[in-house]
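Take a look at the structure below.
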Amino acid sequence: MTWLAVALGGALGSMARYGVGQFVQARLMPARFPVATAVVNLSGCFVIGLIAGLIVSDRLTLRVPAREFVLVGLLGGFTTFSAFGLETLTLLRGNAPGVAAANIALQVVGGLAAAWVGYQLGARA
């Protein structure tokens, strides 16, 4: 049952990631910085932090299949650190180390900050 939950969540998360990416790209001028990936990664980090905080504060109870559906499947399919890695490598290989560094700083530091804020909001009693 857990495998099915992860697979379904992953499919839905991947579709959501694609939809958010299309939405963001359609509203921005072509940019060198991978904004759509940053939006997905930061929002995914926030949501996973929020859910973890809610679970730890006992304000949310998820059985194993539901937890795996959301945390592993849905959010795993939604967040795109693999795309982040490839885009950053591409920027480095394309002689844009400053843009690559900005991408790393925003997504890693910003992702950690978003997870912390989400956790704090979720854990608040």
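Worth pointing out:
- For the stretch 44-62, the condition holds for no residue, the condition being that it is hydroxyl-bearing (Ser, Thr, Tyr), more than 22 Å from Gly118 (Cβ to Cβ) and at pLDDT 95 or above.
- For Leu75, the stated conditions do not hold, so it cannot be described as out of contact with any Phe, Trp or Tyr (no Cβ under 7 Å at 6 or more places or on another chain) and more than 29 Å from Leu4 (Cβ to Cβ).
- Residue check, Val6 aliphatic (A, V, I, L, M), over 22 Å from Trp116 (Cβ atoms) and within 15 Å of the chain's Cα centre (by Cα): no
- Any helices (runs of 4 or more DSSP H) falling wholly within the stretch 34-81 and containing at least 1 residues that are buried (at least 22 other Cβ atoms within 10 Å of the Cβ) and in contact (Cβ under 8 Å) with a residue 40 or more places away in the chain: 35-56, 75-78
- Check on Arg93, of a type in the set (D, E, K, R), touching a residue at least 12 places away in the same chain (Cβ under 8 Å), over 26 Å from Gly10 (Cα atoms) and surrounded by fewer than 18 Cβ atoms within 10 Å (Cβ to Cβ): no
- In the stretch 62-100, residue farthest from Ala38 (Cα to Cα) [restricted to those that are among the small types (Gly, Ala, Ser) and more than 19 Å from the chain's Cα centre (by Cα)]: Gly94
- If you check Gln107, Gln120 for being assigned to a helix (DSSP H, G or I) and touching a helix residue (DSSP H, G or I) at 6+ places or on another chain (Cβ under 6 Å), only one passes: Gln107.
- Test result for Ala16, under 17 Å from the mean Cα position of the chain (by Cα) and at pLDDT 95 or above: yes
The values are calculated or read from the model by the stated rules, or taken from the named source; none is laboratory data. Keep in mind that what you see is a predicted model, and the values were worked out from it rather than measured. For neighbour counting, all protein chains shown are included, and Cβ atoms are generated from backbone atoms with ideal geometry for every residue, glycine included.
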